[in-house]
Amino acid sequence: MTGYDTVLFDSDGILVEPPAYETQAAATRAAFREVCEREIAREHVDEIVGGVTVDRLHEICRRYDLEASPLWAARERCDEESQFEAFEAGTRERYDDVTVIAELPQPRGVVSNNHHSTIEFVLEYFDLDSLFDTYYGREKTIESLRLKKPNTHYLERALADLEGKSALYVGDSESDVLAAHRAGMDSVFVRREHCRDVELSTEPTYDVADLRAVAEIATDGY
């Protein structure tokens, strides 16, 4: 399909480098130490970092006789602070090809599974505000985990903001591709270094190497 009237982008892995596993794991351990005297098991750290569900989070907390809400509040705060520190230290950067987004004629938005306040920080810190007309991340709550992609919730909100009817969503994960298709959008899977060899079980509409190729797709037939 050509002639897209709206283009939406993921943030981590598309606009900026994704957070390192060890950074997120350290933030999870720090949060756990705030609310529990026991050490959290490695497999539980992996689950929380890897995308824990609401039900599984409650199961993990019961293993340590914890209430989920205090742990999650600490985890979200520590995780966000660790991301800010990485950006400010220069250990996590913006991708160079993001500049091509300014050439797109369509309204543009950002939809991410990261915190809404973290996306706000990223756009301000890297001077990307002017490139986008709307943006959505999730709230720092347990219930927001149910709204993460491949749930279409935030994609649909962004599309409504931009009054889009023929949208393209650009991401770097299978959940991005699934969310786009479930929302009736075409998808672009960008093979950055961290996902270059990923095998997808859901075929994206386009499979490209960088955002320059995205710009060509988005402007074809516009």
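The values are calculated or read from the model by the stated rules, or taken from the named source; none is laboratory data. All values reported here derive from a predicted model rather than from experimental measurement. Cβ atoms come from the backbone with ideal geometry, glycine included; neighbour counts cover every protein chain shown.
Things to note:
- Residue check, Glu81 under 18 Å from the mean Cα position of the chain (by Cα) and assigned to a helix (DSSP H, G or I): yes
- Pick from the range 141-175, criterion of a type in the set (A, V, I, L, M) and assigned to a strand (DSSP E or B), ranking: surrounded by the most Cβ atoms within 10 Å (Cβ to Cβ): Val170
- Test: residue in the range 37-50 that is in contact (Cβ under 8 Å) with a residue 40 or more places away in the chain, of a type outside the set (A, V, I, L, M) and either part of a helix (DSSP H, G or I) or in the same structural domain as Val177 (by TED's automatic domain parsing) (or both): no
- Evaluation of Arg92 against the conditions (1) among the charged types (D, E, K, R); (2) touching a strand residue (DSSP E or B) at 6+ places or on another chain (Cβ under 7 Å); (3) assigned to a helix (DSSP H, G or I) shows that the sole unmet condition is (3).
- Verdict on Val100 being outside any helix (DSSP H, G or I) and aliphatic (A, V, I, L, M): no
- Test: residue in the range 65-88 that is of a type in the set (Gly, Ala, Ser) and touching a His at 6+ places or on another chain (Cβ under 7 Å): yes
- Selection count, the range 78-114, where residues are in the same structural domain as Ser173 (by TED's automatic domain parsing), without any contact (Cβ under 8 Å) to a residue 60 or more places away in the chain and closer than 24 Å to Tyr154 by Cβ: 1
- Filtered residue count, the range 176-209, keeping only those that are of a type outside the set (S, T, N, Q), assigned to a strand (DSSP E or B) and in contact with a helix residue (DSSP H, G or I) (Cβ under 8 Å, 6 or more places away or on another chain): 6
- Of all residues in the range 161-177, those that are farther than 18 Å from Ser11 by Cα and among the polar types (S, T, N, Q) total 1.
- With respect to the conditions (1) closer than 16 Å to Val98 by Cβ; (2) not in a helix (DSSP H, G or I), Ala215 lacks only one, and its number is (2).
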